[in-house]
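> What follows is a structure written as structure tokens; I'll ask about it next.
FYI, it's all coordinate maths here, none of it is from the lab. Bear in mind that the values here come from a model prediction, so they are computed numbers and not experimental data. No Cβ is skipped: glycine too gets one built from the backbone with ideal geometry, and neighbour counts run over all protein chains shown.
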Amino acid sequence: MRPRGILEETSRLKPRGSAGKITVTRTHDATLVHELLTHPDIWDASTDDGTPPVDEFEPVMDDALFYLVPHADDLAMGIFLLLPKTSTTFEWHTGILKEYRGKHAIEAVERGVEWMRDNAGALKLITWVETDARNVYIFAKACGFNVEGTSRAAVMKHGQLKDQYLMGRVLCQLQ
């Protein structure tokens, strides 16, 4: 069941084959950010055992953070959260609603990458992928991310310590 409110329109999502034009916009709307991050399609994959319960969660709203919302036509497909690590490197987090996973999600990531390069000066993106999350690893590879290392015992999920790959994507030509 979908949450009511801003995402109510997602009950009319188009089938996978007809996502329409994909665009990305930055949002400062805390209600939209909250609804997207706590959506059942996104919440569990995006949290660890240290995250507050969904009914107590409040997103951090700060101008230093980039919340990007990909849209298919006028419907939200999910959310990207980017945290600055340096002036040119950003840590990328992806949450895509199930209806848009697959080739439309890859295109949405590409639009988000372009947005970050053109509007935030991003030259490199990094992301963390649990080593046993094969589908997430394949998705990250399809989006141009490559393994740069492994962090052992990096995250606690459902009472189990898990390793994570550090994956990166360089957005500029190296000299």
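> So which chymotrypsin sites (Phe, Trp or Tyr not before Pro) in segment 38-101 are both in a DSSP loop and have at most 13 other Cβ atoms within 10 Å of their Cβ?
In loop regions of segment 38-101 (DSSP not H, G, I, E or B), the sparsely surrounded chymotrypsin sites (Phe, Trp or Tyr not before Pro) are Phe57.
> Using the charge dipole of segment 18-170 (Lys, Arg: +1 at Cβ; Asp, Glu: -1 at Cβ; taken about the Cα centre), state which of Met61, Leu125, Leu81 has its Cα farthest towards the positive end.
Leu125
> Then there is this: Note the direction-averaged projected area, equal to a quarter of the hull surface, for the Cα convex hull of the chain, in nm².
10.5 nm²
> Can I get the semi-axes of segment 67-111's equivalent ellipsoid? Compute them from the C-alpha gyration tensor as square roots of 5 times the eigenvalues, in angstrom, largest first.
One finds semi-axes of 21, 10, 9 Å for segment 67-111.
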